[in-house]
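*Asks:* Would you mind keeping the following structure in view while I ask a few things?
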2 protein chains.
Amino acid sequence: MRAMTSFPTAPSKDALEQGEVLTPRFDANGLIAAVATHADTGEVLMLAWMNAEALEKTLSTGEAWYFSRSRGELWRKGATSGQVQKIVEARIDCDQDAVWIKVRPQGDGGACHTGARSCFYRAIEDGGLVDRR
Amino acid sequence: MRAMTSFPTAPSKDALEQGEVLTPRFDANGLIAAVATHADTGEVLMLAWMNAEALEKTLSTGEAWYFSRSRGELWRKGATSGQVQKIVEARIDCDQDAVWIKVRPQGDGGACHTGARSCFYRAIEDGGLVDRR
């Protein structure tokens, strides 16, 4: 059996928002949203999910781990694609229910399974989508 | 009674990922994650949620609307704080379950209820949090 990863709970709103203790708030499914941006260009590459184990592994290994909601499993980004994401900085938001990681994508430099550099390759314009690759 | 806002559903994976039709995929709670970055600096300002009505209003008004999970209500960003977010560009990701908006914050130029410019004012370092305001 794998040991459960656990993080403490903030004792107060002030501790949650202003404290120096990492007390991530996972949702009812045990997940926290994580946005990855390119450390050099600032481009938003992807938005994915981490469970406690994925967050712990991301912080301890310096590479992005996520939790796949569709496959229901822990997922080391780039394990098959080579698009490993080296963590340059990790941040957490005011109420500690979202994570922002600044990464340098390895391999071909992309982040999206479609082959696009970023998953956000389409702009919404006049109700339709326009390719901005 | 307010009319329901509705978006079409993609007929195929190819249409979802490569098509020109906006077919956002809301989760079991009717929500889609939305990340807002500053259009000029690229800084990630906040990560919040939109229901179909919030997304529709964001696209039709050119200002960010969200859905507050804690208050259970539609929320025009900046209605009370003045931190209205003018939309410069809106994007959607490969599988259309996340939105990225590039915004110009109005009012005092901030986005966070704590007074910080960005909600992500703390970096995670050595398991603790460090203020990066």
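The values are calculated or read from the model by the stated rules, or taken from the named source; none is laboratory data. All values reported here derive from a predicted model rather than from experimental measurement. No Cβ is skipped: glycine too gets one built from the backbone with ideal geometry, and neighbour counts run over all protein chains shown.
*Asks:* Search the stretch A:26-41 for residues that are more than 10 Å from chain B (Cβ to nearest Cβ) and more than 14 Å from B:Val35 (Cβ to Cβ) and pair each with any residue that is among the charged types (D, E, K, R) and in a strand (DSSP E or B) when their beta-carbon atoms are under 6 Å apart and the residues are at least 6 apart or on different chains.
*Replies:* Cβ pairs passing all conditions: A:Ala39/A:Lys102; A:Ala39/A:Arg104.
*Asks:* Further question: Among the residues in the stretch B:1-9, are any buried (at least 20 other Cβ atoms within 10 Å of the Cβ), more than 13 Å from every other protein chain (Cβ to nearest Cβ) and of a type in the set (Lys, Arg)?
*Replies:* no
*Asks:* Output the residue which, of all residues in the stretch A:79-133 that are under 30 Å from A:Asp14 (Cα atoms) and of a type in the set (Lys, Arg), is farthest from the other protein chains (Cβ to nearest Cβ).
*Replies:* So the residue we want is A:Lys102.
*Asks:* Under the condition of being small (Gly, Ala, Ser) and under 10 Å from the mean Cα position of the chain (by Cα), which residue from the stretch B:84-114 is surrounded by the most Cβ atoms within 10 Å (Cβ to Cβ)?
*Replies:* B:Ala98
*Asks:* Shifting gears a bit: Does the stretch A:49-76 hold any residues that are surrounded by 16 or more Cβ atoms within 10 Å (Cβ to Cβ), without any contact (Cβ under 8 Å) to a residue 24 or more places away in the chain and closer than 27 Å to B:Val130 by Cβ, and which are they?
*Replies:* Matches in the stretch A:49-76: A:Trp49, A:Ala54, A:Lys57, A:Trp65, A:Arg76.
*Asks:* Taking the criterion of being at the interface with another protein chain (Cβ under 10 Å from one of its Cβ atoms) and either in a strand (DSSP E or B) or modelled with pLDDT of 95 or more (or both), would at least one residue in the stretch B:59-78 satisfy it?
*Replies:* yes
*Asks:* Can you tell me how many residues in the stretch A:13-36 are surrounded by 16 or more Cβ atoms within 10 Å (Cβ to Cβ) and closer than 23 Å to A:Ser70 by Cβ?
*Replies:* 8
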